[in-house]
Amino acid sequence: MATRLTGGCLCGEIRFAASAEPLSTLACHCADCQRYIGGAPAYQMAFKREAVAIEQGEPRRFVKTADSGDTITRLFCGACGSPLFTDLSKLPGLMIVNAGAMDDQSNFKLAAHIFAASAPHWHTFEPNIPRHDGDFPRRPATT
């Protein structure tokens with residue numbers, strides 16, 4: 001049986017589905033994610049872009065240029081404000097889905113923390129989950 005993960009916003013105006021398991025799961029502690037989610041951290045799942053389909057409604061978009069120069073597009077429900085997706089120009093083949101927007105969160109298994117240095121002092125970290133002070137380390141280029 002094929003994987004089908006579903007989710008949506010608080011008011012039900014926007015519904016989406018993912019047709020594959022996430023490639024990665026993470027908790028992002030950057031200041032922008034803290035503001036976007038309304039707390040810390042943003043629990044997220046990375047999917048291949050083609051695996052995520054918006055089946056109902058049309059999210060609103062907010063575009064910001066990060067300190068790195070990359071474009072970050074946040075997609076959210078215009079009616080209830082629920083944060084749904086993050087689209088990163090530096091990762092064009094991926095769509096980041098907020099775990100809190102999923103209908104069933106029981107299978108979410110955190111793989112890593114990123115931008116952990118930006119976490120509020122009161123946040124606690126699981127001891128067995130990898131923690132990166134910034135973004136994921138870049139792999140060296142191969143020739």
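The Cβ shell under 13 Å around residue 38 holds other residues with a net charge of +1, Lys and Arg each +1, Asp and Glu each -1.
Its relative contact order, with pairs defined as Cα atoms under 8 Å and 6+ residues apart, puts the chain at 25 percent.
In terms of surrounding Cβ atoms within a 10 Å radius of their Cβ, 72, 114 rank from fewest to most as 72, 114. The helix-based estimate of mean residue ellipticity at 222 nm for the chain, built from -39,500 (n - 2.57) per DSSP H run of four or more residues and divided by its residue count, is -1000 deg cm²/dmol to the nearest 500. Rounded to the nearest 20, the size of the Cβ-charge dipole of the chain about its Cα centre is 200 debye, with Lys and Arg at +1 and Asp and Glu at -1.
For a straight C-alpha distance cut-off of 17 angstrom, the aspartates and glutamates reachable from residue 48 (same-chain residues fewer than eight places away being disregarded) are 21, 87. Counting beta carbons within 10 Å around each of 121, 113, 132 and listing the fewest first gives the order 121, 132, 113. Summary: within the chain, the longest segment free of trypsin sites (Lys or Arg not before Pro) located in DSSP loops with at most 10 other C-beta atoms within 10 Å is 5-108. Name the longest site-free stretch of the chain, where the excluded sites are chymotrypsin sites (Phe, Trp or Tyr not before Pro) in a DSSP loop with no more than 16 other beta-carbon atoms within 10 Å. In short, 1-107.
Dividing the alpha-carbon radius of gyration of the chain by the rule-of-thumb value 2.2 N^0.38 Å gives 1.04.
Values quoted throughout were computed directly from the atomic coordinates according to the rules given, and no laboratory measurement underlies them. Only a predicted model underlies this, so the values are computations on that prediction, with no experimental measurement involved. Positions of Cβ are backbone-derived with ideal geometry, glycine not excepted, and every protein chain shown enters the neighbour counts.
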